[in-house]
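Encoded as structure tokens, the structure appears first; notes follow it.
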Amino acid sequence: MTTTLTPPTTGHLDDDAAGQAHFDQLIADDNRVEPTDWMPAAYRKTLVRQVSQHAHSEIIGMQPEANWITRAPSLKRKAILMAKVQDEAGHGLYLYSAAETLGTPRDELVDQLLSGKAKYSSIFNYPARTWADVGAIGWLVDGAAIANQVPLCRASYGPYGRSMVRICKEESFHQRQGWEILYELARGTAEQKQMAQEAINRFYGPALQMFGPPDDESPNSQQSMAWNIKRFSNDELRQRFVDMIVPQVEALGLSFEDPDLKWNEERGHYDFGELDWSEFKAVVRGNGPCNEQRLNHRRAAHDEGAWVREAAAAYARRQADQPVVDSALIA
Ligand code: BYC
């Protein structure tokens with residue numbers, strides 16, 4: 001990240017050849033691509049796809065935990081959970097803004113979600129059945145998100161990489177609060193410990209699937225890595241995550257329900273069992289336990305929020321119409 005490139009001054013940034021050469025140089029030097037830089041249409045398209053899917057995941061991802069705000073076991077837990085769910089809304093907003101810098105209006109991206117055309121992370125189509133599930137989501141789901149997103153802080157597209165920095169800081173609090181919920185349950189009554197174990201059993205496989213399909217079935221990875229959007233493959237990140245969470249589950253005094261999970265001295269990593277990829281495909285296709293419920297809830301919230309959007313747009317128009325110096329104030 002040392003070379004600073006000035007855009008070509010020949011005045012033909014719109015010219016594909018000059019623009020492409022400038023873009024290639026930015027990528028080769030591991031520099032950022034900014035919204036005003038020329039970029040190949042395919043690069044723009046893949047970013048709109050990934051960043052908007054990511055934004056949708058943050059917004060849909062509010063639902064499983066928001067369901068627990070009224071039932072959190074204490075005022076303190078309720079306040080923490082509300083703050084976390086609000087953080088996720090903020091993440092969605094940064095990411096929609098980053099996606100908009102690529103030229104696709106937010107309305108269009110939101111329409112793609114509401115119509116069922118856009119994808120969002122498979123994990124949010126699973127229900128949060130117990131309070132321990134809220135802990136498992138914080139620890140495993142936010143933990144997987146951090147493992148995936150820390151390298152994205154270095155994504156070549158500037159607005160995406162920069163939005164990731166703040167998101168990752170907040171996700172670290174989220175992961176910690178999830179782990180702490182499980183830590184307390186694991187040290188509680190036998191029933192509480194069992195509830196924590198069952199939550200982990202439910203979320204272990206789906207959390208590992210958040211990293212996407214295996215490398216040999218990931219059509220986008222290679223190109224995204226060549227463009228410095230993704231820095232590691234899906235399987236590499238999944239392995240890193242497993243290596244990170246095994247000592248943590250041991251510290252909880254709990255375990256993962258995976259008979260193939262064991263330390264492999266030769267590889268210097270944990271081996272783990274094959275995940276249920278047919279289930280993953282079904283969930284991504286829209287046939288998970290909660291896909292329909294999640295989208296219906298989002299559509300209803302969108303409709304109920306119409307008046308807020310209208311009021312905000314009217315206010316913005318009014319501000320734009322105001323003279324820069326308000327003569328009434330001077331008089
Ligand atoms: N679920 O070629 P691949 C959070 C799709 S929110 C659904 O490997 P790519 C949080 C993929 O989109 C965290 N679909 O794709 C919020 C592609 O489909 P299309 C969300 C998946 O893009 C609230 C196809 O499968 N994080 O933390 O190279 C509360 C082939 O895959 C999934 C992000 O969005 C999946 N799990 O890699 C709590 C991170 N996996 O578009 C927590 C940013 C794959 O070709 N995204 N697909 O039709 C990424 O890093 C990458 O997009 C992925 C996939 C690793 C997810």
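Based on the Kirkwood radius over alpha-carbon pairs, what value in µm²/s does the Stokes-Einstein equation return for the translational diffusion coefficient of segment 90-247 at 20 °C and 1.002 mPa s?
126
Projecting each Cα onto the charge dipole of the chain (Lys/Arg +1, Asp/Glu -1 at the beta carbon, about the Cα centre), which of P105, W227, L152 comes out farthest on the positive side?
Highest projection toward the positive end goes to P105.
So what are segment 115-175's ellipsoid semi-axes, whole angstrom, largest first, if each one is the square root of 5 times an eigenvalue of the alpha-carbon gyration tensor?
Three semi-axes, in Å: 24, 17, 8.
With contacts defined as alpha carbon pairs under 8 Å and 6 or more residues apart, what's the relative contact order of segment 142-187 in percent?
Reported as a whole number, the value is 40 percent.
Skipping prolines and chain starts, which residues have an amide H placed within reach, meaning under 5 Å, of the one on Y157, given they are 5 or more residues away or on another chain?
Excluding prolines and chain starts, which carry no amide H, the hits are V33.
Of the residues W263, W179, W277, which exhibits the maximal mean-square fluctuation in a Gaussian network model of the chain defined by a 10 Å Cα contact cut-off?
Maximum fluctuation in the GNM of the chain, among the listed residues, is at W263.
Please give the contour-minus-distance gain from R106 to A118: 0.36 nm per residue of separation, less the Cα-Cα distance, rounded to one decimal in nm.
3.0 nm
So what is the relative contact order for the chain, in percent, with contacts set as C-alpha pairs under 8 Å and at least six apart?
Computed value for the chain: 16 percent relative contact order.
On a C-alpha basis, how far is the centre of segment 160-217 from the centre of segment 42-94 in Å? Whole number, if you could?
What the calculation gives is 14 Å, centre to centre.
Give me the percent of the accessible area of the chain that comes from carbon and sulfur atoms, probe 1.4 Å, all protein chains in place.
Ligands and nucleic acids excluded, carbon and sulfur give 54 percent.
How much length, in nm to one decimal, is gained on full extension between H297 and Q248, taken as 0.36 nm per residue of separation minus their Cα-Cα distance?
Working it through step by step, the gained length comes to 14.2 nm.
Skip the ligands, DNA and RNA, and give the accessible area per residue of segment 195-331 with a 1.4 Å probe, whole Å².
For segment 195-331, the per-residue accessible area is 61 Å².
Working from Cα positions, state the angle (0 to 90°, nearest 10) between the long axis of helix 16-28 and the longest principal axis of the chain.
Helix 16-28 and the main axis of the chain meet at about 40 degrees.
Based on alpha-carbon atoms only, what is the radius of gyration of the chain relative to the globular estimate 2.2 N^0.38 Å?
1.12
Place the peptides 55-61, 158-164, 211-217 in order of packing, highest mean first, counting for every residue the other Cβ atoms within 10 Å and averaging per peptide.
Descending packing order for the listed peptides: 55-61, 158-164, 211-217.
Over segment 67-180, with the other protein chains present, what is the accessible area per residue in square angstrom, probe 1.4 angstrom?
Averaged over the residues of segment 67-180, the accessible area is 41 Å².
Pulled fully out, how much extra length does the chain show between R187 and V165, if you take 0.36 nm times their separation in residues and subtract their Cα-Cα distance?
4.5 nm
Can you tell me the 0 to 90 degree angle between the C-alpha axis of helix 75-100 and the longest principal axis of the chain, rounded to 10?
For helix 75-100, the angle is close to 40 degrees.
Amide H of H269: which non-local residues (sequence gap of 5 or more, or other chain) have their own amide H closer than 5 Å, using H built in the peptide plane?
Those qualifying (amide H under 5 Å, at least 5 residues apart or on another chain) are N264.
If you line up the long axis of helix 41-60 against the longest principal axis of the chain, both from Cα atoms, how many degrees apart are they, to the nearest 10?
In the chain, helix 41-60 runs at an angle near 50 degrees to the longest axis.
How large is the dipole of segment 200-326 about the Cα centre if only Lys and Arg carry +1 and Asp and Glu carry -1, each at its Cβ, rounded to the nearest 20 debye?
Its charge dipole is roughly 720 debye.
The values are calculated or read from the model by the stated rules, or taken from the named source; none is laboratory data. What you see is a predicted model, and the numbers here were worked out from it, not measured in a lab. For neighbour counting, all protein chains shown are included, and Cβ atoms are generated from backbone atoms with ideal geometry for every residue, glycine included. Only protein heavy atoms, including side chains, enter the accessible area calculation; ligands, DNA and RNA are left aside. Shrake-Rupley method; radii C 1.70, N 1.55, O 1.52, S 1.80 Å.
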